[in-house]
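The values are calculated or read from the model by the stated rules, or taken from the named source; none is laboratory data. It should be emphasised that the depicted structure is a prediction, and the values quoted were computed from it without experimental measurement. Backbone-built Cβ (ideal geometry, glycine too); neighbour counts: all protein chains shown. Just so you know, the surface numbers come from the protein's heavy atoms only, side chains and all, with ligands and any DNA or RNA stripped out. Shrake-Rupley method; radii C 1.70, N 1.55, O 1.52, S 1.80 Å.
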Amino acid sequence: ELEAELDSPQLAESEDICVDDLKILKEEELVEMALKEAFKEDEHVENASEGLENGSNSGYHTRSRKEHAVENASTSIEPSNGCPGTDLDGAATDRKNGSKKQKRRRMNDRHVEDTYIKKVDELAKIKQKQDEDKATAKLHALNAISKISEGSIPSSDKIERMKSLRFTSSSGKAKSADVKEHIPVLYPETILCVEVYHNIRKWSKVQEFLVLGRQTLTEIKDKICCLTDQVMQKAGRYDPSGYFLIEDIFFNDLRDPCAVDYSEPIFDWLRNSPDDAMKKWESIITGELQQKQRSVLGSVTPSRLPHFKAADMHKTRFCDFRFQLGARYLYCHQGDCKHTIVIRDMRSIHPDDVQNRAAYPIMIFQLKPRVQKCSVCKITRASKVTLDDKWARENPCYFCDYCYSLLHSKDESPLYGEFSVFDYLHE
């Protein structure tokens, strides 16, 4: 379609303008050219004037030497009236030469001024001509564009395609558009920024959410994505239990009838082994090195265990408990999969935020997943991983379905079975 529009007869009929010889000069370049040409003229005039002055000075010196010889001769002969000779004639000659130099300088200055004025007028005419050429070129371009637009009117299909290419600049608004239900936000409201870190790489942040202060803890728990949940679902051993440990409160998720209270064995350990619990608490608070120093030097003011409590996660809102901004809290699920939770920021909601409560929690950051490719073809994503495979190049080794079937089976029957194979889930 684009080639058809460019090859239209309307464009062929339009006049062509050759711009190869058209050079647009800026005003600074024009001023610089004028100054250079003026200085060149000034140098020529000065050189000429210096030549004239040198010639006149040489003639003057020649005449002065002759006059000096004549004066010496005249002084050797006394005048008839008996008075000595004077230098009045020499002084008159100097005054005449000085007046000639001043006239010559004035003439040179007038010549330079005339040269400047002529050059400036010429450059002004060049600038005016360039402005006219610019206006003509723009007018020609506008005429050509108007002809093209008149000849090619976009159809309704093109307009629809262009509408589909629009994009939203706000990630929060883009994600909230998928929510069909609309629940207005109640004022005053607070927005919290909650960060979730990796269960193994403790320093790596994997997700970040915007949460309302009136939302419950279970709403953000359901948004947290962890590979352990997918593995347990794949194995048929998914556990809906879990807890948040924030300050001294265990918030347990007991919505499912099959859920287990993870905090109950911890409370039993605190009641039955207070000494071990105290040592563990001191190592957490002060570190193991300071704990060893206290065992040698002694401690005057021993620390005390906090009074831990338990609460239901689905009944507790963020605005119902105390927390510290930037403090590291704990999220535990699937038995012993632990993540660090940090409430990074807290602020009041403003009109630019999403005003739909059903859209929260809004995920504003997601770590890009690491995708492992097949170790054989290096093209397709891996779907299986093998351990202790004697025909594999690596241990563990990753395979796509096609490469795995070529190496390990023939006519849908396995060639050998002295290895372990698992389904590979992308991290």
**Request:** Kindly sort Tyr404, Tyr187 by accessible area of their heavy atoms, largest first, with the probe set to 1.4 Å.
**Result:** Tyr187, Tyr404
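Considering only Cα-Cα distances, which of the following residue pairs are longer than 32 Å: Lys221/Lys384; Lys378/Lys410; Lys234/Lys368; Lys280/Lys368?
Violating the 32 Å Cα-Cα cut-off are Lys280/Lys368.
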**Asked** At what distance in nm do the modelled label points of Leu30 and Ser420 sit from each other, each positioned 7 Å from its Cα along Cα→Cβ?
**Response** 8.4
**Asked** Ile285 to Lys202: FRET efficiency via 1/(1 + (r/R0)^6), r the Cβ-Cβ distance, R0 22 Å, to the nearest 0.05?
**Response** 0.75
**Whole-number percent relative contact order across segment 368-426, with pairs defined as alpha carbons under 8 Å at least 6 apart** = 38
**Prompt:** For Lys279, what accessible area in Å² do you get when you roll a 1.4 Å probe over the heavy atoms of the protein chains, rounding to the nearest 10?
**Reply:** 120
**Message:** Please report the net charge: other residues with Cβ closer than 14 Å to the Cβ of Asp401, K and R +1, D and E -1.
**Reply:** +1
**Request:** May I ask you to list the GluC sites (Glu not before Pro) in segment 193-224 that are in a DSSP loop and have at most 16 other Cβ atoms within 10 Å of their Cβ?
**Result:** none
**Other-chain or far-sequence residues with amide H under 5 Å of Phe250's (modelled H)** = Lys309, Ala310, Ala311
**Request:** Would you work out which of Ile379, Cys403, Val421 lies farthest towards the positive end of the dipole of segment 368-426, given +1 charges on the beta-carbon of Lys and Arg and -1 on that of Asp and Glu, about the Cα centre?
**Result:** Ile379
**Prompt:** Given segment 368-426 reduced to its alpha-carbon atoms as identical point scatterers, what log10 I(q)/I(0) does the Debye formula return at q = 0.20 Å⁻¹?
**Reply:** -0.69
**Message:** Taking the full set of protein chains and a 1.4 angstrom probe, give the accessible area of Leu2 in square angstrom, rounded to the nearest 10.
**Reply:** 120
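At a 1.4 Å probe, what is the % contribution of carbon and sulfur to the accessible area of segment 315-427?
In segment 315-427, the share of accessible area belonging to carbon and sulfur is 51 percent.
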**Request:** For Met107, Met33, give the ranking by accessible area with the largest first, probe 1.4 Å.
**Result:** Met107, Met33
**Request:** Give a quick list of trypsin sites (Lys or Arg not before Pro) in segment 360-420 that DSSP marks as loop, anything other than H, G, I, E or B, with at most 14 other Cβ atoms within 10 Å.
**Result:** Arg370, Lys378, Lys390, Arg393
**Prompt:** Tell me, what HN-Hα J-couplings in whole Hz come from the Karplus equation 6.51 cos²θ - 1.76 cosθ + 1.60 at θ = phi - 60° for each residue of segment 230-243, using x for Gly and Pro?
**Reply:** 5, 5, 5, 5, 5, 7, x, 10, 5, 10, x, 6, x, 8
**Item:** Efficiency of FRET between Lys390 and Leu227 - r from beta-carbon atoms, R0 30 angstrom, step 0.05
**Value:** 0.60
**Request:** Express in Å², to the nearest 10, the accessible area of Met346 obtained by rolling a 1.4 Å probe over the protein heavy atoms while all chains stay in place.
**Result:** 100
